[in-house]
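The values are calculated or read from the model by the stated rules, or taken from the named source; none is laboratory data. Fair warning: this is a prediction, and the values are worked out from it, not measured in the lab. Cβ coordinates were reconstructed from backbone atoms using ideal geometry, including for glycine residues, and neighbour counts include every protein chain displayed. The protein model used for the area step is the full one, side chains on, heavy atoms only, and it has no ligands, DNA or RNA in it. Shrake-Rupley method; radii C 1.70, N 1.55, O 1.52, S 1.80 Å.
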Amino acid sequence: MEISKQFESNQREDFWYSYWLNNGYFKSTPDHREPYTIVIPPPNVTGVLHMGHMLNNTIQDVLVRRARMQSKNACWVPGTDHASIATEAKVVALLREKGIKKSEIGRDTFLDHAWEWKEKYGGIILDQLKKLGASCDWDRTRFTMEPDLSAAVQEVFVRLHEQGLIYRGMRMVNWDPAGRTALSDEEVIHKDLPGTLYYLKYAGEEPGTGIVVATSRPETIFADVAVCVNPNDERYSSWIGKKVQVPLTDLWVPIIADEYVSADFGTGCLKVTPAHDPNDYALGLRHGLPAPNGLTETGHLTELAGEFAGMDRFDARKAVAKAADNRGLLLKAEEYVQQVGHSERTQAVIEPRLSLQWFVDMQAFMKKYPQVLDAVMQDDIQFHPAKFKNTYRHWIENIKDWCISRQLWWGQRIPAWYDEQGNTVVAITEAEARAKMSALNPNFTELNQDEDVLDTWFSSWLWPISVFDGFKFPGNPEISYYYPTNDLVTAPEIMFFWVARMIMAGYAFQGKAPFKNVYFTGIVRDDQRRKMSKSLGNSPDPLELIRVHGADGVRVGMLLSAPAGNDLLFNENLCQQGRNFTHKLWNAYRLIMHWKAQQMDADLVLDPSESERLSRAEAWMQERIKEVSGKLDQQFNQFRINEALMTVYKLTWDDFCSWYLEMLKPSFGSKISEAGLGCAVERLEQICALLHPFIPFITEEIWQGLKNRETRESLMVQTLKSDSSSYDSDFLVKMDLLFEVITQVRGIRQQHGIPAKDPLVLYVAGTEHIHWDKSLEPILRHLAFVSPVHTQESSPSTEAFSFQVKQWTCSIPAGGYVDMNAEMERVKKEMVYLEGFVESVRKKLSNERFVANAKPEVVAIERQKEADSIAKIEAYARQLKEWEKGTNEKS
């Protein structure tokens with residue numbers, strides 16, 4: 001069978017994914033095996049695949065595939081999030097294009113449109129993940145608004161309300177005028193933006209008097225109820241208790257004193273607008289001030305603004321400032337930088353707004369479930385990297401009540417009911433609500449359910465429990481077997497939105513943590529360190545990347561520079577590097593299959609020197625695989641996924657392809673033995689098994705092609721033999737020294753134009769320090785055409801090429817190939833370099849802080865560098881002395 005020159009990724013990836021799906025390799029049901037469980041961070045149902053998804057899901061797939069190959073019962077649960085704000089905005093926009101207004105069609109009809117949209121477009125991102133190779137159990141796909149998961153959300157609301165952990169109250173909230181809904185603090189993104197500080201004159205009661213107030217929001221003056229100064233500010237002590245007139249109005253407000261006001265900012269006078277600033281609201285509560293609302297829910301001025309009523313808040317800002325200037329009430333305007341909150345979903349500027357909302361009492365919650373903090377700080381739940389523990393602790397220790405109501409229709413409707421008198425009961429069904437209301441008000445005549453829905457995160461925080469029906473069937477076999485899950489892979493920016501709240505829900509509703517490890521990915525940025533986004537036009541299409549480079553190439557490219565918690569500086573060249581790596585692996589496969597085909601060629605004879613090389617080459621490759629297997633175990637345990645990839649990458653490229661196959665390659669005109677071919681096939685099978693979690697498609701193709709396989713066999717369900725038993729490190733060191741000798745000899749050939757097949761004689765002095773293993777000489781002969789090798793002596797010829805390998809001084813008689821003056825000059829330059837290197841190492845070792853703080857093994861490496869370099873300098877000095885002696889004798 002002829003093998004294509006390249007792995008045809010576009011065709012073969014689809015073929016193997018269908019093969020895996022059709023054979024049920026992704027499916028999981030509880031059994032006797034150790035479970036390994038991951039729940040996918042559910043992408044928004046509105047979403048399409050972007051680079052952040054690519055990174056996150058590649059890491060998850062690597063972990064799941066490795067666990068599956070370790071004979072664990074791997075279960076990766078996929079699903080999507082209903083994304084209240086984003087989805088409602090999509091549907092509203094779609095209806096608007098058809099000339100339909102949300103307000104005109106009513107809730108039920110709008111939800112019909114929303115469900116229709118979800119069924120048509122909601123699964124796109126999950127289908128796209130399949131192109132990446134995601135080995136999810138697709139039969140388990142869940143949606144946060146499906147009936148069972150919605151029932152769980154409402155049950156949790158009722159339970160927490162009964163425990164006194166949910167309440168309804170008038171509070172200052174973050175208001176999104178575009179989405180027309182309240183947001184939690186975590187849904188607000190703060191940006192530094194240029195702003196203007198307007199200095200407005202508030203006239204005093206006596207003609208010609210007044211004070212100046214600096215404000216960045218002149219459009220809110222119509223809702224002012226006071227001006228506040230610091231009681232210790234002598235400039236205004238005589239003003240306290242008096243009244244001033246709000247500019248452009250007939251409104252007179254009192255001057256009050258409070259130490260909250262900073263005398264150093266602006267003029268030291270603060271306009272107090274309780275309905276539009278959280279700090280002003282707190283001031284108003286302390287001083288018993290009213291809180292009139294100066295803005296509508298869409299961010300337009302109310303009737304309080306008189307001639308400016310109905311204007312957009314930003315247009316009104318300019319108009320009010322201009323009117324004040326025209327009347328001599330704007331004394332000056334200063335530019336400055338201010339932090340402005342934006343809605344995470346709509347990007348609209350957030351408006352602080354007094355509103356009647358539902359909240360979770362987070363202080364009371366944390367008192368009841370202190371494990372939420374303790375579990376992370378005591379590593380019952382391990383964060384990777386651990387640096388995020390302090391960020392988590394700071395948020396928990398300064399936690400604020402969670403606003404969970406949203407003024408939307410798409411989402412789980414709040415199970416609260418009101419009678420005509422405003423009495424409230426909380427119940428899942430209307431029948432239950434009527435029963436409760438009858439006990440509260442036997443004569444009620446109306447019963448209406450709350451119009452608002454719950455925050456999307458109020459469903460997502462239950463995800464690790466609800467996907468296994470932990471609320472519908474408490475203690476069912478699935479929740480008992482799969483919960484707690486093993487690992488969570490997510491982004492640090494949703495640590496508070498989701499990670500912390502899942503931990504809260506885990507302890508509140510299951511009595512245990514929802515997962516054991518949290519792996520925080522970084523943000524995918526471009527090479528200018530900008531976050532990738534459609535608006536900047538710097539985010540490539542992931543599916544196009546897969547089409548060009550193959551899913552395996554893209555996976556490698558994403559992982560190569562993605563250490564946990566650190567941002568990934570993405571460049572498409574990384575995917576090309578990944579593609580090149582798969583080419584290298586494919587070419588190794590083609591070479592072995594070529595050797596296999598050659599065995600049928602009667603005109604070729606067996607390589608007579610193979611047996612001498614095979615035993616040593618095979619022993620070395622087996623020991624390297626043992627060493628790498630142990631290293632991979634350690635790296636995966638520490639979630640150093642990118643380092644694990646690089647470990648097996650180097651094993652494949654450097655060791656297997658560049659050395660092992662070269663050692664086995666038959667001499668010209670001969671063919672490999674059956675034993676040699678068997679070894680090559682078996683080692684490539686092992687390499688494919690180690691690589692499979694990272695590059696599943698091409699490894700499956702190669703593994704299937706190496707031998708005749710049984711029907712339904714697959715690499716992905718083979719047991720990954722973690723042969724990390726003690727390996728022969730001394731032998732590996734000897735082989736590394738041999739490879740260094742071969743590399744140096746090849747370099748000499750290239751530098752001096754010596755034909756590759758011209759035999760050279762090698763002299764090795766210093767073998768009393770490091771033993772020379774004569775059993776490795778057949779490899780040296782095969783790869784460097786060096787024979788014989790004379791040990792414990794230097795070249796008898798003064799005209800020789802010389803190089804140093806550790807404490808070996810190696811020399812090759814030049815035989816007319818060398819310019820001795822040039823060679824001596826080269827060695828002298830090398831000595832100068834080594835002397836400078838030794839000096840830099842000694843400076844480091846003389847630094848007491850370095851020696852005291854560095855790990856012992858790091859210090860030991862530096863000392864070894866010093867010793868090795870000194871040995872080379874001494875050896876070069878001896879060689880120069882010999883050369884100079886020979887030159888003098890000739891002259």
Lysines with Cα under 25 Å of K516, excluding same-chain neighbours fewer than 8 positions away:
K27, K72, K367, K368, K387, K389, K472, K631, K721
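Given a 1.4 Å probe and every protein chain left where it sits, what share in percent of the accessible area of the chain is carbon and sulfur?
Details: 19570 of 39940 Å².
Result for the chain: 49 percent of the exposed heavy-atom area is carbon or sulfur.
Packing-wise, with mean Cβ within 10 Å as the measure, how do 405-416, 382-393, 596-607 rank, highest first? Kindly include the intermediate steps, with their values, before the conclusion.
Working: 405-416: 22.9, 382-393: 16.2, 596-607: 12.6.
Ranked by mean Cβ neighbours within 10 Å, highest first: 405-416, 382-393, 596-607.
Contact order normalised by length for the stretch 497-586, with contacts defined as Cα pairs under 8 Å and 6 or more residues apart; what percent is it? Please list the in-between numbers first.
Details: 102 pairs, mean separation 25.8, N = 90.
Rounded, it is 29 percent for the stretch 497-586.
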Can you give me the long-range amide H partners of K242? Hydrogens built in the peptide plane at 1.01 Å from N, cutoff under 5 Å, separation of 5 or more residues or another chain.
I255
Just grab the label-to-label distance for R159 and S670, each label 7 Å out from Cα along the Cβ direction, in nm (one decimal).
7.3
Toward the positive end of the charge dipole of the chain, about the Cα centre and with charges on Cβ (Lys, Arg +1; Asp, Glu -1), which of F636, P693, A675 goes farthest?
A675
Could you report the stretch 483-611's accessible area per residue, 1.4 Å probe, as an integer in Å²?
39
Rolling a 1.4 angstrom probe over the protein chains, ignoring ligands and nucleic acids, what is the accessible area of M170 in square angstrom, nearest 10?
100
Pairwise centroid distance, computed over Cα atoms, of the stretch 773-834 with the stretch 398-420, Å
80
Rank by packing, highest mean first: peptides 131-137, 576-582, 228-234, 830-836, with packing defined as the count of other Cβ atoms within 10 Å averaged across residues.
131-137, 576-582, 228-234, 830-836
Using packing as a proxy for protection, rank 726-738, 80-92 so that the peptide with the highest average count of other Cβ atoms within 10 Å comes first.
80-92, 726-738
Can you find, among P218, S726, I592, the residue farthest towards the positive end of the dipole of the chain? Put +1 on the C-beta of Lys and Arg, -1 on that of Asp and Glu.
I592
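Leaving out ligands and nucleic acids, note down the accessible area per residue over the stretch 289-428 with a 1.4 angstrom probe, in whole Å².
47
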If you take the square roots of the eigenvalues of the alpha-carbon gyration tensor of the stretch 32-146 and sort them as a ≥ b ≥ c, do you get rounded (a/c under 1.5), prolate (a/b over b/c) or oblate?
prolate
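Above 21 angstrom, tally the Cα pairs of the stretch 480-605 and express them as a % of all pairs, no decimals. Intermediate results must be reported in sequence, preceding the final value.
Values: 4787 of 7875 pairs.
In whole percent, the long-distance tail amounts to 61.
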For D728, project a label point 7 Å along Cα to C-beta. Then give me every residue of the stretch 759-790 with its amide nitrogen under 17 Å of that point.
771-780
Partner aspartates and glutamates whose C-alpha sits under 19 Å from that of K130, ignoring same-chain residues fewer than 8 away, are E8, E13, D14, D61, D81, E119, D139, D541, E544, D552, E700, E701
Which value in deg cm²/dmol, rounded to the nearest 500, describes the helix-derived mean residue ellipticity at 222 nm for the chain, given -39,500 (n - 2.57) per DSSP H run of n ≥ 4 and division by the residue count?
-14000 deg cm²/dmol
Structure-derived Rg and Dmax of the Cα atoms in Å - corresponding label in (i) 36.5, 126; (ii) 32.6, 96; (iii) 28.1, 83
(i)
Here the FRET efficiency for N587 versus A756, based on Cβ atoms and R0 = 22 Å and rounded to 0.05, is 0.60
Taking +1 at the Cβ of each Lys and Arg and -1 at the Cβ of each Asp and Glu, which of L331, A321, T298 sits farthest along the dipole of the stretch 261-391 towards its positive end, judged by Cα position relative to the Cα centre?
L331
Given a 1.4 Å probe, the accessible area of the stretch 675-739 per residue, as a whole number of Å², is 40
Gain upon complete extension [E682, F473; 0.36 nm per residue less C-alpha separation]:
70.5 nm
How far apart, in nanometres, would the label points at D250 and L193 be if each is projected 7 angstrom from Cα along the Cα-to-Cβ direction?
3.5
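If you put +1 on each Lys and Arg Cβ and -1 on each Asp and Glu Cβ, how big is the dipole of the chain around its Cα centre, in Debye rounded to 20? Walk me through the intermediate numbers first.
Values: 101 positive and 121 negative charges, 142 e Å.
So the dipole magnitude of the chain works out to roughly 680 debye.
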Placing +1 at every Lys and Arg Cβ and -1 at every Asp and Glu Cβ, with all other atoms neutral, what dipole size does the stretch 155-299 have around its Cα centre, in debye to the nearest 20?
260
